[in-house]
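A short write-up of the structure that comes next.
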Amino acid sequence: MPPTPTKDITLIRELARQCVEIASSEEYEVRRRRWRDVNELRRPDRAPVWCRPSRVWSDLIPQESLECTDPTCRSLEYGFRQDLYKDSVGDDHIFEPWHGVSAAWECDSENTWGIRIPPQVASTSQGGFRYDPPIKNEADYDKVTVPRFTLNRQRREDAVTRMQELLGDAMPVRLVCRPPLGPTLGTMLYYLRGMAKMTEDMAFCPERVHRVMAKLTEGVLGACRAAEDSGMLTPNHHQPMICSDPVNGDPGEGKVRLHNLWVDANSQEFDHISPAMQEEFLLSYQKVIFQQFGRTQYGCCEDLSQKIDIVKGIPNLRIFVCSAWTDLDKVIEACGTDYTIMWRQPSTDVVMPDDLAPIRAHLDQGLRKLQGCRYQVVLRELETLAGHPNRLREWAQIGIELAENYA
């Protein structure tokens, strides 16, 4: 391995120091307290308001603007600059004053589910793609196998050592260990079978779907258990959206179990599926996984208006994600103060208008309804800023102003 350029190390350490100072500030502790309160169903000073740029990062921080040439340093530079940019947005962004190095998991098969999932072939500059799923017929269903995962401790130690050498005393380094698979089973089924065919199979060949969902569930449970048995699991209650008090208490170092963690999942691929079939083919399997964890966040961009009751049946549900397509009135009526409502914003409606008035009107109407509830205001899935480079700051400012008004 060639030596790391001195200029790269100097740069990332300077950026790291800036991030540590910000993350250790009183303002960030106020934000953390706000997130903890809302997710513990306590009344916060106001609702958290937060956005995630997603694909917009390529416009905000173009790759050609990065200065580091070493690949690892370049990745660190990108991450630090993202946090520094988000700090300038002024929303309730939080990050920790340390750098996490992810555990190194190895699967016992070349392909996680024993069958090769082809790459997505990009067909547009914005990331659109064509997809050809690997399961073509009933025989292909039988090719799906259950993976087994092991922790590569040497790779983990090498990665931690490498990061400590790069960051020096500018930022502490910690190991971060999560299960290598999560309970987004609908996404896994889609990758294996494709949307149209998986829908047909649920109607005409249900036994095939049940057979593969059982394997997927077994694989995820095995991955979760491998992580727990490793003794290396680390808490995950310190990030936006799921920041909270320690889940089920502070277990102490080296004693973190699955029931000390948050877990999140959704049913986006089942948006068009009836509540009964979603319960049968997805939730009944996801629940087996959810019950291993301490807290559950459920939902993403799907419309859950007609599925609120089945979602409320999820073990340890704490955060109900109300997408821009879900009926907010129904969610408020059903959830009250028993759950935290994550009110997701329609990204196109936020970034497209030249006039801020409709954005303010939408937020004002929703936050007025949410008074008395425990809720978050979240903007995600941004693909473009549509020629409005200051829109994230403008949106955050309006959201925070109204959240304070209706606190």
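The values are calculated or read from the model by the stated rules, or taken from the named source; none is laboratory data. This one's a predicted model, so the numbers in the text were calculated from it and none came from an experiment. Neighbour counts run over all protein chains shown; Cβ positions are idealised from the backbone, glycine included. Ligands, DNA and RNA are stripped out before the accessible areas are found, and what is left, the full protein with its side chains, is counted by its heavy atoms. Shrake-Rupley method; radii C 1.70, N 1.55, O 1.52, S 1.80 Å.
Reported count of residues in region 202-232, each being in contact with a Leu (Cβ under 9 Å, 6 or more places away or on another chain) and either over 27 Å from TRP105 (Cα atoms) or acidic (Asp, Glu) (or both), is 2.
Scanning region 39-49 for residues that are hydrophobic (A, V, I, L, M, F, W, C) and assigned to a loop (DSSP other than H, G, I, E, B), we see that the one that is most open to solvent (accessible area, probe 1.4 Å) is LEU41.
When the residues of region 125-175 are filtered to those that are in contact with a helix residue (DSSP H, G or I) (Cβ under 8 Å, 6 or more places away or on another chain) and among the β-branched types (Val, Ile, Thr), the one that is surrounded by the most Cβ atoms within 10 Å (Cβ to Cβ) is ILE135.
In region 139-155, the residues that are within 20 Å of LEU216 (Cβ to Cβ) and of a type in the set (Ser, Thr, Tyr) reach residues that are modelled with pLDDT of 95 or more and assigned to a strand (DSSP E or B) with C-beta atoms within less than 9 angstrom, at least six apart or across chains, in these pairs: THR150/TRP105; THR150/GLU106; THR150/CYS107.
At least 1 residues being open to solvent by less than 10 Å² (accessible area, probe 1.4 Å) and over 25 Å from ARG380 (Cα atoms) is the threshold, and among the helices (runs of 4 or more DSSP H) wholly inside region 224-318 those reaching it are 284-290. Within region 221-244, the set of residues being closer than 19 Å to PRO97 by Cβ and of a type in the set (S, T, N, Q) comprises THR234, ASN236, GLN239, SER244. Picking from residues in region 319-336 that are outside any loop (DSSP other than H, G, I, E, B) and of a type in the set (Asp, Glu), the one that is most open to solvent (accessible area, probe 1.4 Å) is GLU333. Considering region 50-72 alone, what residues qualify as being within 16 Å of ARG344 (Cβ to Cβ) and open to solvent by 60 Å² or more (accessible area, probe 1.4 Å)? Hit for region 50-72 is ARG52, nothing else.
Name the residues in region 362-386 that are open to solvent by 60 Å² or more (accessible area, probe 1.4 Å), at pLDDT 95 or above and either in a loop (DSSP other than H, G, I, E, B) or not polar (S, T, N, Q) (or both), would you?
Scanning region 362-386 gives HIS362, ARG368, LYS369, GLN371.
When ARG211 is tested against the conditions (1) among the charged types (D, E, K, R); (2) assigned to a helix (DSSP H, G or I); (3) buried (at least 16 other Cβ atoms within 10 Å of the Cβ); (4) touching a residue at least 60 places away in the same chain (Cβ under 8 Å), the lone failure is (3).
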